[in-house]
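Just below is one structure, and these are the notes that go with it.
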Amino acid sequence: MAAYSERGVHGQIVQLLGERVLSGEIAEGETIDLAALSADLGLSLTAIREAIKVLAAKGLVGSRQRKGTFVRPRADWNLLDPDVVKWQVATGAGDLFFRDLAELRGALEPTAARLAALRRTDADVAELRAAVRAMADSHGSSPEEAAASDLRWHRALLAATHNELYTRTDIFLAAGLVERDRLVHAGAHKDPVPSHTSVTEAVAAGDPAAAETAMRSLLEQADEDLFGATGDGADDELERPA
């Protein structure tokens, strides 16, 4: 993947172009005239090309002989890339993304909690409890720190299933959880420690039914917190598995 820093002019160009693609301002299939873009933005062609390399690594753009640089079909985009997630939210598509994320979590995490209760080791329980303590310690800190402690807990829960495929679902969840947590923790929200503690202790007790129920309650709180942070109705029609 092309080296990329969010800071500086390079990062600003990448973000600008990424948001233009995600918003549809530069549409799927559209050819990007790099020289015209360079003149329009008042930036060197080299700077534009370096930014395009980053977008290409994320699956947003491609290049062909005689066709030049073009926007690839949405099906090719790495929608789980952290930057792509942020650009979706920044361009107003966050409501749909977070709805999809909530549905995915509703399908995966209650069963993960059940499996974790059946298979957890002492080390798994210790890591879950450590993550809860980190979550408590992050109270009042930056949204980024709060997001990091929350992600640590969810990864620990997935690891406690001792199912390699479940563990790797953090690939699907990580970027979305981090962006969601940044939004939620930047404003008023319920204390996440009690709900995560309930799941943790049900897992520790080896009670799969209680762990699954506690996880569903956690997800309901997560939906409420997100609704409070965004004020949209993204979860109005959300249906969770019974």
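Quick notes on this one:
- A 1.4 Å probe run over the chain, with the rest of the protein chains in place, finds 50 Å² accessible per residue.
- Whether the stretch 22-165 is rounded, prolate or oblate, judged on the alpha carbon gyration tensor where a/c under 1.5 counts as rounded: prolate
- Backbone N within the stretch 169-197 under 20 Å of label point (7 Å from Leu80 Cα along the Cβ vector): 169-182
- Residue of Asp40, Asp95, Asp170 that the Gaussian network model of the chain assigns the largest fluctuation, springs spanning Cα pairs under 10 Å: Asp40
- Shape category assigned to the stretch 140-195 from the gyration tensor of Cα positions, a/c cut at 1.5: prolate
- Charge tally in the Cβ shell below 13 Å around Glu145, where Lys, Arg are +1 and Asp, Glu are -1, Glu145 excluded: -2
- Additional length obtainable on full extension of the chain from Phe172 to Ser38, 0.36 nm per residue less Cα span: 44.8 nm
- Its DSSP H runs of at least 4 residues, each contributing -39,500 (n - 2.57), put the calculated 222 nm mean residue ellipticity of the chain at -21500 deg cm²/dmol, to the nearest 500.
- In terms of its alpha-carbon gyration tensor, the stretch 89-204 comes out oblate; a/c meets the 1.5 threshold, while b/c is at least as large as a/b.
- Unit charges on C-beta of K, R, D, E only; dipole of the chain, Debye: 960 debye
- Between the labelled values (1) 71, 37, 35; (2) 63, 46, 40; (3) 63, 35, 34, the entry that holds Cα extents along the principal axes in Å as derived from this structure is (3).
- The chain: DSSP helices with Cα axial extent of at least 30 Å and average Kyte-Doolittle hydropathy no lower than -1.0: 94-119, 208-230
- Listed residues Lys190, Lys86, Lys58, most fluctuating in the chain (Gaussian network, C-alpha, under 10 Å): Lys190
- Within the listed set Leu37, Leu218, Leu128, the Gaussian network model of the chain (springs between alpha-carbon atoms below 10 Å) gives the highest mean-square fluctuation for Leu37.
- Fraction of accessible area attributable to carbon and sulfur, the stretch 40-179 (%, probe 1.4 Å): 52 percent
The values are calculated or read from the model by the stated rules, or taken from the named source; none is laboratory data. All values reported here derive from a predicted model rather than from experimental measurement. All Cβ positions, glycine included, derive from the backbone under ideal geometry; neighbour counts span all protein chains shown. Accessible surface is based on the protein model in full, side chains and every heavy atom, while ligands, DNA and RNA are left aside. Shrake-Rupley method; radii C 1.70, N 1.55, O 1.52, S 1.80 Å.
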